[in-house]
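J.: Below you'll find the structure I mean.
The values are calculated or read from the model by the stated rules, or taken from the named source; none is laboratory data. Model, not experiment: these values are computed from the prediction. Here the Cβ positions follow ideal geometry from the backbone for every residue, glycine too, while neighbour counts run over all protein chains shown. Side chains included, ligands, DNA and RNA excluded: accessible areas come from the protein's heavy atoms. Shrake-Rupley method; radii C 1.70, N 1.55, O 1.52, S 1.80 Å.
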2 protein chains.
Amino acid sequence: MKIIMIGEAANHQGTLRASLRDPIEIVTLPREAASDAALDGVVAGEDVVVSLRFQRAGPGPAFRLLHVPGAGLDGIHLPSLAPSCAVCNVYEHEIPIAEYVLAAMLEWRIGLAAMRRSFTPETWSDLYRNRAPHGELHGRTLGILGFGRIGRAIATRARAFGMRVLALSASASDPDGLADAVLAPEGLSRLLAEADFVVIACPLTEATRGLIDADAIGRMKPDAVLINVSRAEVADEEALYRALRERRIGGAVLDVWYRYPAGSTEVVPPARRPFHALPNVLATPHSSAWTEALPRRRYAVIAENVRRLSAGEPLLNVVRPAA
Amino acid sequence: MKIIMIGEAANHQGTLRASLRDPIEIVTLPREAASDAALDGVVAGEDVVVSLRFQRAGPGPAFRLLHVPGAGLDGIHLPSLAPSCAVCNVYEHEIPIAEYVLAAMLEWRIGLAAMRRSFTPETWSDLYRNRAPHGELHGRTLGILGFGRIGRAIATRARAFGMRVLALSASASDPDGLADAVLAPEGLSRLLAEADFVVIACPLTEATRGLIDADAIGRMKPDAVLINVSRAEVADEEALYRALRERRIGGAVLDVWYRYPAGSTEVVPPARRPFHALPNVLATPHSSAWTEALPRRRYAVIAENVRRLSAGEPLLNVVRPAA
């Protein structure tokens, strides 16, 4: 068995090697190998391919396992894979995304950045005498749209702050009892009417595209804050921008955007509307999950699956079993 | 029975009234009444006095209860109180202080403020392509000096982030099982050597004054962050400033200071050394507990004690029982 790492995955060769128990040959290939039959002479039937993308014009080569080093399968063309090839993915990004969401909610209520900017030896005495009270998360209601790994990781942390948690979930299930109430999709209006923070943590599907439209925003509290760490298009761009500009909601924390640059040189704005210039928007560059620890955790899962494959044990995170 | 609110407490007459179940007469007096026998003609034996300060040159007037609307008793001269007078205090500040500490740790690891500053329509494309990974709280070790209400409120939240919690406590007790280890004071060196964040959450006493001196700081990890939400003097000013300037520790989050302005006009710097100018210091003006919700929660406890006193039930938070 050898491991073939393609494109961006190849940058993590050292990370994967550090997690492998046994020495296994690792071959790295450029991004183009994901969609080019040039790979096919390199790969053998017992190999593992690690890649965010895979596509062939016709049937692809046979190998044991395609391991996606992320959660999304949108880069994988499943019909290109031989039926004997299993597909696994990895998560672990729910940890940094939940930390980002809590950091953003705390910043919204406490305003640490502004406190820090105002503090100098000259301002200290008057600041101390005239302290303006800030807010708390304690006792506030958090509405979470989507109650998968990310939503549950956010709920775990929010509960420790004494927040009330409402979750919207297609399955309406909460096996760990993390939410005060789990609502079916028809409960959206109730969630929006009660939440002080609304976090979008559901995938983008035809059912969720534009879910937060002008009508939904109109149901939110006038000081509620929308946080999007999923996909921009779950919120209607024009409706959200207008509501923020006209201060019909308290604000928004936006880490995901309507336009992404292609390739290594394209320059595009993140949206048609200038969200970043609104004082009630906290805008960040799709960075919520982007931590030093994330690839270490993800490649540790991949290394564990390589070990399991060698030992004939059941694999973790199987999204398509081998036929 | 009537309630007499003195000085700063008098500003919260409306807050207290909103929490009282029954209409009770409230009298407000200026700050000077706390140390002036002018009060003595107003107060009757069955009354409740709400004040942060109380002092008489000789024996004071008899009343039922002195309710301090804060945790500290440093403004109360107990011998001035008649033996029949009970003394109660209030807490509730552990909630905002714990939120501040978590906000500061998250900001330290994630850097939301810098992310926000860097984000513009022009920078977006390159920021997205060249995202610099940030840190996580998950898996980091938090050392808490003092494991009272504040330390335990911090531990509750830190655990939900997957942090390892070491607490230093004179009683070495942890009835709620919040810490991975509770160390007696002799365990300070171990805590300092293992912690990524060290939070000072103990009171200032002769045992804790200067506890974080040059030797203690020298035991900390080179990237560890010291957070002080207690009293500045627990950390030696000169030793801390030098360690920060020479980058022998990662940084500090300081909300409490070495000098406070007296009266309504004095202007003093917060310290002899310019901590605020160091890039690895996050300095704020003693604001961690200063929230809108804090007086509401505190006066709700005071109103409950007034009800209990009327009903002859045991009082909450008794720091000195009536003789």
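J.: When the C-alpha atoms of region B:94-283 are aligned to their principal axes, what extent does each axis show, in angstrom, from largest down?
T.: 55, 45, 32
J.: Restricting things to alpha carbons, tell me how big region A:256-323 is in terms of Rg and Dmax, in Å.
T.: When restricted to Cα atoms, region A:256-323 yields Rg and Dmax of 19.4, 56 Å.
J.: Between copies, how far apart are the residue A:181 label points? List them in nm, one decimal, shortest first, with each point 7 Å from Cα toward Cβ, please?
T.: Label-point distances to the other copies, shortest first: 4.5 nm.
J.: Per residue, how many Å² of accessible area does the protein assembly as shown show with a 1.4 Å probe?
T.: Heavy-atom SASA per residue in the protein assembly as shown reads 41 Å².
J.: Put a point 7 Å out from Cα along the line to Cβ at residue A:25; what are the distances to that point in the other copies, in nm, shortest first?
T.: 9.6
J.: Based on the mean of other beta carbon atoms within 10 Å per residue, what is the order of B:245-251, A:281-287, B:212-218, most packed first?
T.: Top of the packing list down: A:281-287, B:212-218, B:245-251.
J.: Give the relative contact order (percent, whole number) for region B:1-104; include only Cα pairs under 8 Å separated by 6+ residues.
T.: About 23 percent, as a whole number.
J.: Please list the equivalent ellipsoid semi-axes of region A:31-88, computed as the square roots of five times the alpha-carbon gyration tensor eigenvalues, in descending order and whole angstrom.
T.: In descending order, the three semi-axes are 15, 13, 11 Å.
J.: Using a 1.4 Å probe on protein heavy atoms only, how many Å² of accessible area do B and A hide from each other, summed over both chains and rounded to 100?
T.: Interface area, both chains combined: 5900 Å², rounded to the nearest 100.
J.: Averaging over all projection directions, find the projected area of the Cα convex hull of the protein assembly as shown and quote it in nm² with one decimal place.
T.: In nm², the orientation-averaged hull projection of the protein assembly as shown is 33.3.
J.: Normalised by the residues of region A:94-283, what does the relative contact order come to in percent, with Cα pairs under 8 Å and at least six apart?
T.: That works out to 16 percent.
J.: For a label point 7 Å from the Cα of residue A:277 along Cα→C-beta, name the residues of region A:234-249 whose backbone N is under 20 Å from it.
T.: A:237-249
J.: Using alpha carbons only, how many angstrom separate the centre of region A:224-294 from the centre of region B:1-64?
T.: The two parts, judged by their Cα centres, are 52 Å apart.
J.: Once phi is turned into ³J(HN,Hα) by the Karplus curve 6.51 cos²θ - 1.76 cosθ + 1.60 with θ = phi - 60°, what whole-Hz value does each residue of region A:54-60 show in order, with x for glycine and proline?
T.: Going residue by residue, I get 7, 7, 10, 5, x, x, x Hz, with x marking Gly and Pro.
J.: Of the accessible area of chain A, with the probe set at 1.4 angstrom, what percent is carbon plus sulfur?
T.: 51 percent
J.: Let me ask something else. Relative to the present Cα-Cα distance, how much length would full extension add between residue A:17 and residue A:131 at 0.36 nm per residue of separation?
T.: Fully extending the segment from residue A:17 to residue A:131 adds 35.7 nm.
J.: Another question, if that's okay. Over all residues in A:248-255, what is the mean tally of Cβ atoms on other chains that come within 10 Å of each residue's Cβ?
T.: Counting Cβ atoms of other protein chains within 10 Å of each residue's Cβ and averaging gives 1.
J.: Work out, step by step, the length gained on full extension between residue B:323 and residue B:28: first 0.36 nm times the residue separation, then minus their alpha carbon distance; give nm to one decimal.
T.: Answer, rounded to one decimal: 103.5 nm.
J.: Please compute the average number of Cβ atoms from other chains found within 10 Å of each residue's Cβ in peptide A:128-140.
T.: Mean number of neighbouring Cβ atoms from other chains: 6.
J.: Follow-up. Comparing the chain by itself with all protein chains present, which residues of region B:282-303 are at least 20 Å² less accessible (probe 1.4 Å)?
T.: Listed by number, the residues meeting the 20 Å² cut-off are B:282, B:283, B:284, B:285, B:286, B:287, B:290, B:291, B:292, B:297.
J.: Further question: Given a cut-off of under 8 Å on Cα pairs at least six residues apart, what relative contact order in percent is computed for chain B?
T.: It rounds to 17 percent for chain B.
J.: Output needed: percent of Cα pairs per 5 Å distance bin for region B:246-293, bins running from 0 to the one holding the longest distance.
T.: Result, from short to long distances: 5, 17, 24, 21, 18, 9, 4, 2 percent.
J.: Further, regarding this structure: With 10 Å bins from zero, work out the P(r) of region A:1-142 over every alpha carbon pair and list the percent per bin.
T.: 10, 30, 18, 11, 13, 12, 6, 1
J.: Hey, what do the phi angles of region A:260-265 turn into as Karplus ³J(HN,Hα) couplings, whole Hz, using 6.51/-1.76/1.60 and θ = phi - 60°, x for Gly and Pro?
T.: Those phi angles translate into 10, x, 8, x, 9, 9 Hz.
J.: Place the label 7 angstrom along Cα→C-beta at residue B:223 and in each other copy, then list the distances from the first to the rest in nm, shortest first.
T.: 3.8
J.: Quick one: P(r) of region A:113-179 from all Cα-Cα pairs, 10 Å bins, percents rounded to integers, in order of increasing distance.
T.: Histogramming region A:113-179 at 10 Å steps yields 19, 33, 17, 18, 11, 2 percent.
J.: Ignore the peptide's own chain and count Cβ atoms of other chains within 10 Å of each Cβ in B:154-165; give me the average, rounded.
T.: That average works out to 3.
J.: Over the alpha-carbon set of chain A, work out the extent along each principal axis and list the three values in angstrom, largest first.
T.: Largest to smallest, the principal-axis extents are 71, 51, 41 Å.
J.: Still on this structure: Just reorder B:2, A:221 by solvent-accessible area, largest first, 1.4 Å probe, all chains present.
T.: Listed by decreasing accessible area, they come as A:221, B:2.
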